[in-house]
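Okay, structure first, notes after.
Values in this text are rule-based calculations from the coordinates and carry no lab data. Model, not experiment: these values are computed from the prediction. Cβ atoms come from the backbone with ideal geometry, glycine included; neighbour counts cover every protein chain shown.
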Amino acid sequence: MATSAATQSILLIPMARIACRSSTTMLLPSTSLPRQQRTGRMQVRCNAEPEKSITPETNPTTPLLSPPPPAPKVNTSLSDLLAFSGPAPERINGRLAMTGFVAALAVELAKGDGLVAQLANGGLPWFVGTSVLLSLASLIPLSKGVSVESKSDGVMTSSAEMWNGRFAMLGLVALAFTEFVTGSTLV
């Protein structure tokens, strides 16, 4: 019953007629119109132009199908890769620190040797070999123009690697400082 009363009251409200060239006439309640226009029926015409198809001839600034812009040229010279603000130094140092921190803690757990003892007991050749291997493995893709950001997806992003490397550098320095101050191994 309430719905029929609401329907009847809506039908009794004066309506405004809106007509558009491309569509049919629409009736809208005149209560949405300003007060001086509510006195009766009002006809509003839409002056929209019919849609025109956009072709490259009519709008040359926005082609319909354009090839993607070329990727920016990556500078692959060794001096630019190893520059202070280049892509390689912090990344290589971070990778070396991550490997070194995990290896130092693993040897401390296994043998009980501190960092200095590990280097003195035959760890120096391992350190140099790992440093050369990881540096070359990091530089070869960069010298071919492959960016680290293009290979990062999901959880393993390039920014996550940078932050992990920074924390590993801090951890390795903290491990060496703690062993120096206390005079014993951390673990």
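Quick notes on this one:
- Of the peptides 95-102, 179-186, the order by per-residue mean of other Cβ atoms within 10 Å, starting with the highest, comes out as 95-102, 179-186.
- Separation of alpha-carbon centers, segment 79-95 and segment 128-168, rounded to whole Å: 10
- Shape of segment 78-182, Cα gyration tensor, a/c cut at 1.5: prolate
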